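Peer 1: First, the structure itself, so that you have it in front of you.
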Amino acid sequence: MSVPQELNDRLLTGVTTLCRAWRVDRRDGTVLGFTDHDRDLAFEGVTYRAQSGMTARALSQTSGLAVDNSEAIGALSDAGISEADIEAGRYDGAALRIWLVDWSNPDLRVLQFQGSLGLITRRDGLFEAELRGLTEFLNQPQGQVYQRPCAAILGDARCRFDLSRAGYTTEQVVGRHEDGRRFWFDGVTDFEPRWFEHGRIKVHSGISAGLIGIVKNDRFEDGQRMIELWEPLRGEIATGDQLLIEAGCDRRAETCRAKFGNFLNYRGFPHIPGEDWLISYPVQGGANTGGSMNS
């Protein structure tokens, strides 16, 4: 990291006008700023609030490829980081930057840490967040796996299927629902049963706007369409909230071809021989001609 010369000169004099500032960029586009100074700071278009109760433990950094790590601790509050937002997963994987700042002149600062938020725990009105450095991404699996199912995600850059096409999404208003996991809708009869299984529900309005759930079951029940998620949405769902329901893909070649007409972009290997073929051997009286075993 490069320390501004003026800040370095102040550090050499034993200056005590230093504090830390945290910038959190959530995946939903929300940007939050916090500082352990007793007054708000502002730089780079972000206000860093002093009333957040944020503090950090010692930061461990290395010059090699070891993962930089630290922890941040703060008070849960509606004005800062709320328990409801943590429970809803709004801070999962949020980008994080930490500066050492001269609060008497915020232009004198140095970036100490850049990474993301990891595991967040809550207890006694406080939260404790693991900070993961950029080298954490080197621990992620890379490359492609040769497998029968498609490795792409429906609608992503590899799949290239346009989910906005007619017949693949529907917008519905929440009526009868149960624990944010099971939903019943009237009149959704234009889609075949199980059309939305493996698909997604996106919340478009209400206090849980932006949350996403994965569909487990999609069937008709007592004249209504019942859609059940694998896990409850991690936020409060109210009657009248707007939902977007997307068609599901089970990643089979047959589904890609028949349901989406997108087989040219299929990212699996459906013709890989199975285990029975791999352990097979010639037998007397068999058709040992070197031809297809399926003939």
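FYI, it's all coordinate maths here, none of it is from the lab. Remember, predicted model here, so these are calculated numbers, not experimental data. Counting neighbours? That spans all protein chains shown, and the Cβs are built from the backbone with ideal geometry, glycine included.
Peer 1: Ordered by packing density, taken as the mean number of other Cβ atoms within 10 Å over each peptide's residues, highest first, how do 257-270, 204-217 rank? Mind dumping the intermediate values first?
Peer 2: Working: 257-270: 14.9, 204-217: 16.7.
Ranking the peptides 257-270, 204-217 by packing returns 204-217, 257-270.
Peer 1: Using the Karplus curve 6.51 cos²θ - 1.76 cosθ + 1.60 with θ = phi - 60°, work out ³J(HN,Hα) for each residue of the range 103-108 in order, rounded to whole Hz, and write x for Gly and Pro.
Peer 2: Using θ = phi - 60°, the values come out as 5, 6, 7, x, 5, 8 Hz.
Peer 1: Taking neighbour counts of Cβ atoms within 10 Å as a proxy for exposure, in what order, fewest first, do PHE127, PHE34, PHE183 appear? Before the final figure, lay out each step's value.
Peer 2: Working: PHE127 21, PHE34 27, PHE183 24.
Arranged by neighbour count, lowest to highest, PHE127, PHE34, PHE183 become PHE127, PHE183, PHE34.
Peer 1: Mind listing the phi-derived Karplus ³J(HN,Hα) values for the range 39-50, rounded to whole Hz, using 6.51, -1.76 and 1.60 with θ = phi - 60°, and x for any glycine or proline?
Peer 2: Whole-Hz 3J(HN,Hα) from phi for the range 39-50: 9, 5, 10, 9, 6, 6, x, 10, 8, 9, 7, 8.
Peer 1: Another question, then. Extension gain GLU130-SER280, at 0.36 nm per residue separation less the Cα-Cα distance, in nm? Let's see the in-between values first.
Peer 2: Numbers: separation 150, 0.36 × 150 = 54.00 nm, distance 5.04 nm.
So the extension gain works out to 49.0 nm.
Peer 1: Tell me, CYS19, CYS150 in order of fewest to most beta-carbon neighbours within 10 Å? Mind showing how you got there, number by number?
Peer 2: Working: CYS19 20, CYS150 24.
Starting with the residue having the fewest Cβ neighbours, the order is CYS19, CYS150.
Peer 1: Work out the charge dipole of the range 169-246 with +1 on the Cβ of Lys and Arg and -1 on the Cβ of Asp and Glu about the Cα centre, then indicate which of VAL203, THR170, THR189 is farthest towards its positive end.
Peer 2: The Cα lying farthest towards the positive end belongs to VAL203.
Peer 1: Here's something else I'd like to know. Suppose we take every Cα in the range 5-49 and form the convex hull; what volume per residue is that in Å³? Don't jump to the answer; show the numbers that get you there.
Peer 2: Working: hull volume 3.9 nm³, N = 45.
Per-residue hull volume (Cα only) is 87 Å³.
Peer 1: May I ask you to list the residues of the range 105-124 whose amide nitrogen lies under 14 Å from a point 7 Å from Cα along the Cα→beta-carbon direction of SER2?
Peer 2: 109-111
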